[in-house]
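Visitor: I'd like to ask you about the structure that follows.
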Amino acid sequence: MERKNLDWGNLGFGYVQTDMRYVSNFKNGQWDDGCLTDQASITINECACVLQYAQTCFEGLKAYTTEDGHIVCFRPDLNAQRMASSCRRLKMPVFPEERFVQAVVETVRANSQWVPPYGSGATLYVRPFMFGSDSIIGVKPANEYQFRVFVTPVGPYFKGGVKPLKLRISDLDRAAPKGTGDVKAGLNYAMSLYNIVDAHEKGYDENVYVDSATRTHIEETGGANIIFVTKDGKLVTPQSSTILPSITRRSLLYVAKEYLGLEVEERPVALSEIDEFVECGLCGTAAVISPVGTIVDHGREIHYAGMGPTIQKLYDTLTGIQMGRLEAPEGWIQVIE
């Protein structure tokens with residue numbers, strides 16, 4: 001296979017239009033057969049439900065070139081399950097989970113020349129998404145929908161790659177109790193845009209959101225789950241009904257326990273205790289794990305070890321599984337070619 005002539009080692013985390021994408025339409029109560037297309041543009045009516053009422057959800061996963069030269073995806077079945085959950089919460093028709101995985105496989109395979117080579121530090125980001133496509137002026141769900149999958153080669157999510165991040169405790173809320181914080185709805189991210197721009201302008205890499213009900217417990221950042229490590233090496237991650245269930249976080253918890261023999265704890269994490277941890281990291285599909293160096297809580301600075309020994313082991317083990325250097329648990333790796 002001949003790859004595209006790109007500077008793989010210097011890619012940013014941005015959109016690069018690739019050759020093919022997958023499209024399927026829902027109309028008259030059913031999904032059509034779907035197909036691959038080279039058309040990257042979408043034509044919809046000005047009154048489309050997605051434009052009026054933000055009825056849209058999405059997923060994110062990656063394709064990799066493994067050490068032995070195979071192209072694989074990491075746990076796409078869990079992305080299919082999570083999108084199904086998002087669709088049910090937003091009153092959208094569920095795209096069948098088996099077809100979701102197959103659509104991902106077909107799209108990656110059709111763009112195999114865009115999959116970065118092993119060792120480049122880059123990956124192929126896969127973005128499945130769905131939106132209400134027909135004209136809706138009253139406040140109600142759409143009648144017609146489009147499901148699409150596109151791919152784009154990307155470098156590190158945070159500028160500068162794996163370097164300690166500086167975060168701040170946010171004064172704004174990410175999600176309401178019993179709201180949509182636990183699903184991957186586009187509207188959740190729209191609400192965070194003002195805050196992330198403001199954070200960047202003030203010298204921070206991300207915002208740490210606390211629970212909006214009491215503002216006393218850590219939840220997550222705008223684009224990733226958060227993990228902590230105690231002085232005695234225990235992995236702790238916040239537990240809340242308004243946190244997005246990250247596939248990377250779930251995988252890290254398994255890796256910590258089953259591969260590294262660490263004690264793992266999912267529980268509410270009080271804002272008042274964050275200075276008791278020695279390591280902190282952000283985890284998600286885009287970032288994998290990014291070490292946190294500092295969290296600023298309204299002038300109070302809490303410092304962590306950056307890429308400390310535990311987070312380094314977690315990073316090395318998970319990426320080793322993804323890249324084929326370590327044996328993966330059954331069902332975690334979807335081989336594409």
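Visitor: Just the residues that are out of contact with any Cys (no Cβ under 9 Å at 6 or more places or on another chain), open to solvent by 30 Å² or more (accessible area, probe 1.4 Å) and under 19 Å from residue 273 (Cα atoms), please, taken from the range 291-337.
Guide: Residues satisfying the conditions are 298, 299, 300, 301, 303.
Visitor: Of the residues in the range 258-298, how many are modelled with pLDDT under 95, over 17 Å from residue 313 (Cα atoms) and of a type in the set (A, V, I, L, M, F, W, C)?
Guide: Total satisfying the criteria: 1.
Visitor: Kindly indicate whether residue 151 is assigned to a strand (DSSP E or B) and within 27 Å of residue 103 (Cβ to Cβ). Can you show your working first?
Guide: Details: assigned to a strand (DSSP E or B): yes; within 27 Å of residue 103 (Cβ to Cβ): yes.
Spelling it out, residue 151 is indeed assigned to a strand (DSSP E or B) and within 27 Å of residue 103 (Cβ to Cβ).
Visitor: With the requirement that a residue be open to solvent by 20 Å² or more (accessible area, probe 1.4 Å) and either hydrophobic (A, V, I, L, M, F, W, C) or over 18 Å from residue 121 (Cβ atoms) (or both), what does the range 273-285 give you? Break it down into steps so the answer makes sense when it comes.
Guide: Residues of the range 273-285 that are open to solvent by 20 Å² or more (accessible area, probe 1.4 Å), as a first pass: 273, 275-276, 278, 285.
Correct list: 273, 275, 276, 278.
Visitor: For the range 50-80, name all the residues that are in a loop (DSSP other than H, G, I, E, B), in contact with a strand residue (DSSP E or B) (Cβ under 9 Å, 6 or more places away or on another chain) and farther than 19 Å from residue 153 by Cα. I'd like the intermediate steps shown before the answer.
Guide: Looking only at the range 50-80, we keep the residues that are in a loop (DSSP other than H, G, I, E, B), and these are 54-55, 59-60, 66-70, 75.
Of the ones still in play, those that are also in contact with a strand residue (DSSP E or B) (Cβ under 9 Å, 6 or more places away or on another chain) are 54-55, 59-60, 66, 70, 75.
Selection gives 54, 55.
Visitor: While we're here: Given the criterion hydrophobic (A, V, I, L, M, F, W, C) and part of a helix (DSSP H, G or I), identify the matching residue among 262, 253. Break it down into steps so the answer makes sense when it comes.
Guide: Working: 262 fails: part of a helix (DSSP H, G or I).
When all the criteria are applied, what remains is 253.
Visitor: Continuing with the same structure: For the range 182-211, name all the residues that are under 25 Å from residue 304 (Cβ atoms) and small (Gly, Ala, Ser).
Guide: 192, 199, 203, listed by residue number.
Visitor: Taking the criterion of being within 25 Å of residue 32 (Cβ to Cβ), open to solvent by less than 30 Å² (accessible area, probe 1.4 Å), in contact with a Gly (Cβ under 7 Å, 6 or more places away or on another chain) and hydrophobic (A, V, I, L, M, F, W, C), would at least one residue in the range 129-144 satisfy it?
Guide: Going residue by residue through the range 129-144, those that are within 25 Å of residue 32 (Cβ to Cβ) are 129-136, 140-144.
In the following step, the residues that additionally are open to solvent by less than 30 Å² (accessible area, probe 1.4 Å) were identified as 130-134, 136, 142.
Still in the running and in contact with a Gly (Cβ under 7 Å, 6 or more places away or on another chain): 142.
This time we only want the ones that are hydrophobic (A, V, I, L, M, F, W, C), so: 142.
Within the range 129-144, one or more residues are within 25 Å of residue 32 (Cβ to Cβ), open to solvent by less than 30 Å² (accessible area, probe 1.4 Å), in contact with a Gly (Cβ under 7 Å, 6 or more places away or on another chain) and hydrophobic (A, V, I, L, M, F, W, C).
Visitor: Determine the pairs where a residue that is over 16 Å from residue 333 (Cα atoms), located within the range 78-101, has a partner that is open to solvent by 50 Å² or more (accessible area, probe 1.4 Å) and of a type in the set (Lys, Arg) with Cβ atoms under 7 Å apart, the partner being 6 or more residues away or on another chain.
Guide: 94/88
Visitor: Being more than 19 Å from the chain's Cα centre (by Cα) and part of a strand (DSSP E or B) is the filter here, so list the residues in the range 154-209 that pass it.
Guide: 166, 168, 169
Visitor: Take the conditions modelled with pLDDT of 95 or more and surrounded by 16 or more Cβ atoms within 10 Å (Cβ to Cβ) and apply them to residue 71. Does it pass? I'd like the intermediate steps shown before the answer.
Guide: Values: modelled with pLDDT of 95 or more: yes; surrounded by 16 or more Cβ atoms within 10 Å (Cβ to Cβ): yes.
Spelling it out, residue 71 is indeed modelled with pLDDT of 95 or more and surrounded by 16 or more Cβ atoms within 10 Å (Cβ to Cβ).
The values are calculated or read from the model by the stated rules, or taken from the named source; none is laboratory data. Since the model is a prediction, treat every value here as computed from it, not as a measurement. Reconstructed Cβ throughout: ideal geometry from the backbone, glycine too, with neighbour counts over all protein chains shown. Areas reflect the complete protein model, heavy atoms only, side chains present, ligands, DNA and RNA absent. Shrake-Rupley method; radii C 1.70, N 1.55, O 1.52, S 1.80 Å.
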